[in-house]
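Some notes on the structure that comes next.
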Amino acid sequence: MDPVSFSLTDDIGVITIDSPPVNAINQPIRAGLKRMFETAIDHADVSAILLTCAGRTFAAGADLREFDEPIADPGYHEVFGIMENSPKPVIVAMHGTALGAGLEAALACHYRCAADSARVGLPEVSLGIIPGAGGSQRLPRLVGAKAALELILNITPVDAVQALKIGILDHVIDGDFIEGAIAYARTILAKGAGPRKTSEMRINTEGYTNEFLAEARKTAAKKARGQDAPELVIEAISHAIKLPFEEGIIEERRIGDEALVSEEARALRHIFFAEREIGNIPGLSKNTAKHLVESVAILGSGTMGGGIAMNFANIGVPVTLVDISEESLEKGLGAVQKNYENTVKRGRLSEDKMATRMALISGTTNYQDIEDKDLVIEAVFENMDLKKKIFAEIDSICKPDAILATNTSTLDVNEIARATRRPEKVVGLHFFSPANVMKLVEIVRGDRTSLEVLATSVDLAKRIRKTGVVAGVCFGFIGNRMMIEGFHREADQMLLEGATPEQIDRVMYEFGFPMGPWAMHDMAGVDIMHSILQDSGLKDANPAPYFNVLYQVAEMGRYGQKTGSGFYIYEEGNRKPIPDPSVIGIIENEAEKLGIKREPMTDAEIEERCLFGLINEGAKILEEGIAYRPGDIDVVWSFGYGFPRFRGGPMYIADQIGSKALLAKIRGLQERHGDYWKPASLLEELAKNGKTFVEWSSAS
């Protein structure tokens, strides 16, 4: 079936793209657009051409699967040129989300209208590329250079009202979309309006000053730190300002083609596709039954519990927060209220919507009040005995088909499930703090978790707009296990060998993390990791050195920001870490006890050992079946731990290095530092066969 069709409504030629689910533009669609526009242009009965899309959305971008090969003919510029050069007026009608190449197609049309619910944008920077199908040249001509750069660097789509205000749209449709689009096309004809080429418009450069560009670069550095794409966009728009359209398009194509094959863009495409693969769960299908979740209870009204509650209230699901005292509840509900108020102050939520959401969140100190809830999520202190006691109690109270979930970040979900008479209804839902902001949820599949409960959990993550990655049961699941046993263990080891906290943090910040490991522990609380190591038995089970520095810092009561000192010291009311010479003394004392001679360490070695620690532990997680795919691990680290998306994730980096080279490096670390660097069996297998993690996963 041709994804592009032509029909005639009186004297209006309607060209419709129909390629579910999101009408992503690819070679068949480009070829279809070329044929249908040529047909409409030559058709004697056509006075105007209307471009629209079937389904739930206008074209939501290009088909990224084409980007790893040269773009097949007809290319974007050729097709959009035919559209723009039509001697008959071309009107585009958009609904849903018109993004990337979809909006660029609209910019090549003469008149643009959209449903009042539509959103439009050019988010290419998030993929390490520029709007390379004419967007960097046409958008500045339509809305001005300043507004164009702001829209592109902001990444977030704008709604129809804002798009009309800045000049992207000429008309917003209120009511039936198709009828409104046809009516608007008739209005254009009634006015006698002819073609209006965006490429022939003059660019308004008002406000596009050096000062504005400096601020734009600062903004881009926050949203896309470490990426080259924002600067490439600025370069492309500068060509739009200085050159005629035809020459600007040539420069756009040059910049765009180079960006498309860059390491940055390839890594970002990997994460894009990996995120879309996480929903492919062995054993689940579209036909797998799901539980209906229309009411939720959260046990614990602290920062985590309140944040989780907000996710459900945001989608209209009533939530009951449960805590041990009215005082705790009042404090927890107050924190939720404050979070919503801050969102209102930033203009992201109306007062009415805040009131509606707060009305959905109630509190109680009585477990009996949760007996009819569909889902109960435990979010109390990370202590196995406490969690087992709670699960045994709620198991006797909750209705038989209620799902019981634990928010544990490290503990054995199977052991928690055994405290109940319904282990098949128990699942891990590990939210990340702050839970109302962080996108990741690890969905921990216990040995007896039913397929229905797993399917419900995966669906629920989507409903609350989270990225849900399924993990098996082990200490720390995917993310925390890799962080503790790989990344941070090695960071602690390197302190003993000669690195400083500020050096390690700087190296990993420059790599792309939002902060280094020691600044992170100071923020979260050094005592938290101390408790995890102690309560899990890991500190006693592992021979020294094993988190010797962190353990000693915590033993001294230096818990981080909340106590004014940790790996750094903090001035009252200021969270900026200040290096503390006394911490070097703690490190030197521990090194001396262990007979380790401290020597200066290069930045390159620090980065390499932190990454290799992550990768080796990730390989073990894959061989044990804790994660289904290497891409799942990359998604966890990108969305939950701040791993820079433009680097693709630890397992993606592993494949770029190559299994043989990686194995040689890790064996060298094992020789120098001991058997805790023993290579994962899977890595040895891949190196032997000359395979990558992706190839192994595809063959599994």
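The eigenvalues of the Cα gyration tensor, multiplied by 5 and square-rooted, give the range 4-261 an equivalent ellipsoid with semi-axes of 29, 19, 17 Å from largest to smallest. Compute for the range 1-156: radius of gyration divided by Kirkwood radius, i.e. Rg/Rh, restricted to C-alpha atoms, rounded to two decimals. Taking Rh as the inverse mean 1/r over Cα pairs, Rg/Rh reads 0.95. Mean projected area of the convex hull spanned by the Cα atoms of the range 150-251, taken over all viewing directions: 8.7 nm².
Calculated FRET efficiency, Lys218 to Arg421, Cβ-Cβ distance, R0 = 41 Å: about 0.10 to the nearest 0.05.
The lysines whose alpha-carbon is closer than 21 Å to the alpha-carbon of Lys389, local same-chain residues fewer than 8 away aside, are Lys373, Lys399, Lys425.
For the chain, the longest principal axis of the Cα atoms and the long axis of helix 581-594 meet at an angle of about 60 degrees.
Taking every alpha-carbon pair within the chain, the share separated by more than 48 Å comes to 24 percent. Peptides 268-281, 459-472 ranked from most to least packed give 459-472, 268-281, packing being the mean of other C-beta atoms within 10 angstrom over each peptide's residues. In the range 303-345 the Cα-Cα distances spread across 5 Å bins starting at 0 as 5, 23, 32, 26, 11, 3, 0 percent of all pairs. Shown in residue order for the range 109-120 are the 3J(HN,Hα) couplings computed by the Karplus curve 6.51 cos²θ - 1.76 cosθ + 1.60 at θ = phi - 60°: 7, 8, 9, 10, 10, 7, 5, 5, 8, 6, 9, 10 Hz (x for Gly and Pro). With a simple spin-label model that places each label point 7 Å from the Cα along the Cα-to-Cβ direction, the separation between Asp447 and Glu351 comes to 5.7 nm.
With 21 Å as the limit on Cα-Cα distance, the pairs of Lys223/Lys439; Lys34/Lys88; Lys222/Lys439; Lys597/Lys660 that go past it are Lys597/Lys660. When each of the peptides 300-312, 364-376 is scored by the mean number of other C-beta atoms lying within 10 Å of its residues, the order from highest to lowest reads 300-312, 364-376.
Positive contributions from Lys and Arg (+1) and negative ones from Asp and Glu (-1), summed over other residues with Cβ under 15 Å from the Cβ of Asn23, come out at -1. Eigenvalues of the alpha-carbon gyration tensor of the range 296-471, scaled by 5 and square-rooted, set the equivalent ellipsoid semi-axes at 26, 18, 14 angstrom, largest first. Each of the peptides 539-548, 234-243 was scored by the mean count of other Cβ atoms within 10 Å over its residues; in descending order, highest first, they stand as 234-243, 539-548. Amide H contacts under 5 Å for Leu51: Ile15, Ile91, Val92, Ala93, restricted to partners 5 or more places along the chain or on a different chain, H placed in the peptide plane at 1.01 Å from N. Compared with the dominant principal axis of the Cα atoms in the chain, helix 229-242 is inclined by about 20°. Over the range 479-601, the Kirkwood radius and the radius of gyration, each from Cα atoms, give a ratio Rg/Rh of 0.93. Taking amide H as placed 1.01 Å from N in the peptide plane, Gly566 has its amide H under 5 Å from the amide H of Gly560, each at least 5 places away in sequence or on another chain. Divide the volume of the convex hull around the Cα atoms of the range 1-46 by the residue count and you get 65 Å³ per residue.
Most simply put, the range 296-471 has about 15% antiparallel DSSP beta bridges, counting only bridges with both residues inside it. Beyond 17 Å, the tail of the calculated P(r) for the range 83-152 holds 42 percent of the Cα pairs. Globularity index of the range 441-504 is 1.59 (Cα radius of gyration / 2.2 N^0.38 Å, N = number of residues). For the chain, adding -39500 (n - 2.57) for each run of n ≥ 4 DSSP H residues and dividing by the number of residues yields -15000 deg cm²/dmol at 222 nm.
For the charge dipole of the range 574-700, defined by +1 on Lys and Arg C-beta atoms and -1 on Asp and Glu C-beta atoms about the Cα centroid, which residue among Phe646, Val694, Gln670 has the Cα displaced farthest towards the positive pole? The listed residue farthest towards the positive side: Phe646. Placing one equal scatterer on every Cα of the range 411-519 and applying the Debye formula, the log10 ratio I(q)/I(0) at q = 0.12, 0.17, 0.18, 0.21 Å⁻¹ is -0.55, -0.86, -0.92, -1.07. Using the Cβ-Cβ distance between Asn280 and Thr156 with R0 set to 30 Å, the FRET efficiency works out to roughly 0.60. Compute the separation of the alpha-carbon centres of the range 626-685 and the range 42-90 and state it in Å as a whole number. What the calculation gives is 42 Å, centre to centre.
Every read-out reported here was derived from the displayed coordinates using simple, explicitly stated rules and does not represent laboratory data. Remember, it's a predicted structure, so these values are computed and weren't measured experimentally. When we count neighbours, we look across all protein chains shown, and the Cβ atoms used for this are built from the backbone with ideal geometry, even at glycine.
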